[in-house]
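Step one of this worksheet: look at the structure below.
Please treat every number below as a calculation from the coordinates, not as lab data. These numbers come from a predicted model, not from an experiment.
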């Protein structure tokens, strides 16, 4: 595992990560990526819908384009994993690597 960079923030997502509460999650991720990147921790008990998944996927694309880092602290589980599976977000190898492998990076 690589040494953490000082410009990489840890961003914790908990609670309501659905269309009703996702605006704050979007702002947190946007700010972290603007400052160099993020390690994202997602509470396995969080309520998740496709809106949250789309924000993380958008963050992955932005991270690739700007050279920022974006990784998950742990593989997807709980409601997030169910949402990813139903939405087809773990079918491609790069998606599986990001969402399901602890080492997955954008």
- In terms of the alpha carbon gyration tensor, root eigenvalues a ≥ b ≥ c, rounded if a/c is under 1.5 and otherwise prolate when a/b exceeds b/c or oblate, the stretch 9-100 is oblate
- Item | Potential extension, residue 82-residue 41 segment - 0.36 nm per residue separation minus Cα distance | 13.1 nm
